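Enquirer: Here it is: the structure, laid out below.
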Amino acid sequence: MVTVEEFNRMETGWLRPALLDCCDAPEWVDALLNSRPYPDLESLFATADRLAGALTPEAIEQALAAHPRIGERAAGASRGAAWSRAEQSAIADDVETAAALHSANRLYEKRFGRVFLICATGLSSREVLAALLLRLGNDEQTEAAVVAMELRKIALLRLRKVVVDA
């Protein structure tokens, strides 16, 4: 973790991979880095949020590729995989819900052609399953907007693990 002051001074070589773990959208990372320096943590997060809200559909699809299916644990020892496992720590905690999530994931992927994305931190398996089932009723445009919002939430949540207040 670094402070805003350190974030402003650090070499891009260290920051870029950490930011890609927050949101695997190079345009978001580059814009966030190119907007330095930030006077404070609030401005950094406001800029990160604004930039995440402006991601192109292509950038969102690329970022989605870095996320495992809900209920499946990300493999590996990378920072991003560890964050994903922690974020989904309460998901699929019983066999019945895990099976329902697996089935609903497949329906979602067939309907929308992408993995189901939700900011799962603090949500139970049943809450995630209910959201997934509800979102299956969305039209493509509505669901794309929801996915973009969930990606923003995850990016900002993870950015708080990289940059802290002094």
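The values are calculated or read from the model by the stated rules, or taken from the named source; none is laboratory data. Nothing here was measured: the structure is a model prediction, and the numbers come from that model. Every residue, glycine among them, receives a Cβ derived from its backbone with ideal geometry; neighbour counts consider all protein chains shown.
Enquirer: Please enumerate the residues belonging to region 109-119 that are among the hydrophobic types (A, V, I, L, M, F, W, C) and not in a loop (DSSP other than H, G, I, E, B). Spell out how you get there, then give the answer.
Expert: The first filter runs over region 109-119 and keeps only residues among the hydrophobic types (A, V, I, L, M, F, W, C), leaving 112, 115-119.
The answer is F112, and nothing else.
Enquirer: Does region 120-159 hold any residues that are touching a helix residue (DSSP H, G or I) at 6+ places or on another chain (Cβ under 8 Å), assigned to a helix (DSSP H, G or I), under 27 Å from L33 (Cα atoms) and free of Cβ contacts under 8 Å to residues at least 40 places away in the same chain, and which are they?
Expert: Passing the criteria: only V146.
Enquirer: Would you mind listing the helices (runs of 4 or more DSSP H) fully within region 9-71 where at least 1 residues are touching a residue at least 12 places away in the same chain (Cβ under 8 Å), of a type in the set (G, A, S) and within 20 Å of V164 (Cα to Cα)?
Expert: 12-22, 26-34, 41-53
Enquirer: Looking at R73, R79 in this structure, which one is surrounded by 16 or more Cβ atoms within 10 Å (Cβ to Cβ) and modelled with pLDDT under 95?
Expert: R79
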